[in-house]
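Report on the structure given below.
The values are calculated or read from the model by the stated rules, or taken from the named source; none is laboratory data. These figures come from a predicted structure and were not determined experimentally. Cβ placement follows ideal geometry from the backbone for every residue including glycine, while neighbour counts extend to all protein chains displayed. Ligands, DNA and RNA are stripped out before the accessible areas are found, and what is left, the full protein with its side chains, is counted by its heavy atoms. Shrake-Rupley method; radii C 1.70, N 1.55, O 1.52, S 1.80 Å.
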Amino acid sequence: MLSALAKRAGEGSMNILLVGEESAGAQTLKLLATGDHHLVGVMASPTRKAVGGVTVWRHAEKMGCPTWPTELVKDPGFAEVVRAEKVDILLNVHSLFVIKPEIVAAPRWGSFNLHPGPLPRYAGLNAPSWAIYRGERSHGVTLHRMLAGIDTGPIAYQAMFEIEENDTGLSVSAKCVKFGMELVRQLLNTAEVNPHAIPVIEQDLARREYFGRGTPEDGWLAWSRPARDVFNFVRAADYSPFPSPWRTPRSRMADQEVAFVKAALTGQPCDAPPGIIDQSDGGKVRVASADEWVEVSRLIVNEQYANAAEVLKPGEKLEWNS
């Protein structure tokens, strides 16, 4: 038999406060809007765009949902608003602001963060890109309780999935959103019946790795590395047609800087010096790495997209910072 407290939680809809941005924030907003729970409000940036070029803020306005600027999560006094609105659960989804502890502690059943990485190994920023860059074969998404510190609270739910050969930073991020929505549903379904049944799995912080802002090697693509490393770096930064959170990997050809958006493995061994540009029999551009030729198809030059064959000339050599 459920306790009186749990019964009370299940008798009606719960009050949810969403702090969200980007595609994941927009998808969570849609999930909440079509559910049985009461969306107290949305905290978002009026200018930070989500899918389709529309902000989460604007999505919320169209739904007639109350909105507050995300910056208010830095004001401890906003905890009074959370309590006044009788918020049961706060969901933080891809917002980059650190929420004040007073606000985190204000909801009745807790505050939860949806993180696009498997904690504790991939805490911090741009976890999908780092996982591809490091050659991981799997990745995951984590829904965890919020505590002081970044991505440090106990895990409620986690889902893992494969990283496939054709995955990019964008596609792995999309998988995180897809699997993450299922975790949010699990949380809400459990909390509605018995909030005390929400799992509390302590993180093994000895296994924790934290990734900050910035791109490996400051974005310089070293062709002296194995082809697999080159390929992983390029696809890790590939969020096209959207802007990449990383610097697009780049090299220099003479006095021109060239950034690489699309690359592929050929499996063709090469004995040319790393960075040498060549063409295959099919007219495709390839570049020598430490062990194989890497096929290059899409570039950015002078902030404009370009086909590799229009820019890279056979016999030229790509250079990079040592």
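When each of Thr190, Thr142 is tested for being in contact with a Leu (Cβ under 7 Å, 6 or more places away or on another chain), at pLDDT 95 or above and not in a loop (DSSP other than H, G, I, E, B), the lone residue that passes is Thr142. Consider segment 295-322 and keep the residues that are open to solvent by less than 50 Å² (accessible area, probe 1.4 Å) and touching a helix residue (DSSP H, G or I) at 6+ places or on another chain (Cβ under 9 Å). The one that is farthest from Ala254 (Cα to Cα) is Val296. Looking across segment 183-207 at every residue that is farther than 21 Å from Ala123 by Cβ and of a type in the set (D, E, K, R), the one that is least open to solvent (accessible area, probe 1.4 Å) is identified as Glu192. Lys30 meets all of the listed conditions (1) more than 15 Å from Phe112 (Cβ to Cβ); (2) at pLDDT 90 or above; (3) open to solvent by less than 20 Å² (accessible area, probe 1.4 Å) but one, namely (3). The residue that is nearest to the chain's Cα centre (by Cα), among those in segment 230-261 that are free of Cβ contacts under 8 Å to residues at least 40 places away in the same chain and open to solvent by 20 Å² or more (accessible area, probe 1.4 Å), is Pro243.
Here segment 161-182 is the region considered, the condition is being outside any loop (DSSP other than H, G, I, E, B) and β-branched (Val, Ile, Thr), and the residue that is least open to solvent (accessible area, probe 1.4 Å) is Val172. Looking only at segment 54-76, residues that are open to solvent by 40 Å² or more (accessible area, probe 1.4 Å) and of a type in the set (Gly, Ala, Ser) come to 1 in all.
Hey, does segment 221-229 have a residue that's buried (at least 17 other Cβ atoms within 10 Å of the Cβ), acidic (Asp, Glu) and in contact with a helix residue (DSSP H, G or I) (Cβ under 6 Å, 6 or more places away or on another chain)? Checking segment 221-229: not a single residue is buried (at least 17 other Cβ atoms within 10 Å of the Cβ), acidic (Asp, Glu) and in contact with a helix residue (DSSP H, G or I) (Cβ under 6 Å, 6 or more places away or on another chain). Taking Leu72, is it of a type outside the set (D, E, K, R) and assigned to a strand (DSSP E or B)? It is false that Leu72 is of a type outside the set (D, E, K, R) and assigned to a strand (DSSP E or B).
When segment 47-69 is filtered for residues that are outside any helix (DSSP H, G or I), touching a residue at least 12 places away in the same chain (Cβ under 8 Å) and more than 20 Å from the chain's Cα centre (by Cα), the ones remaining, listed by number, are Met63, Cys65, Pro66, Thr67, Trp68, Pro69.
Within segment 113-131, the set of residues being more than 15 Å from Arg145 (Cα to Cα) and surrounded by 23 or more Cβ atoms within 10 Å (Cβ to Cβ) comprises Tyr122, Asn126, Ala127, Pro128, Ser129, Ala131.
In segment 269-294, of all residues being in a strand (DSSP E or B) and over 10 Å from Ala227 (Cα atoms), the one that is most open to solvent (accessible area, probe 1.4 Å) corresponds to Gln279. Whenever a residue of segment 82-103 is touching a residue at least 24 places away in the same chain (Cβ under 8 Å), its partners that are assigned to a loop (DSSP other than H, G, I, E, B) and of a type in the set (Phe, Trp, Tyr), lying with C-beta atoms within less than 6 angstrom and at least six residues away or across chains, give the pairs Asp88/Trp109; Ile89/Trp109.
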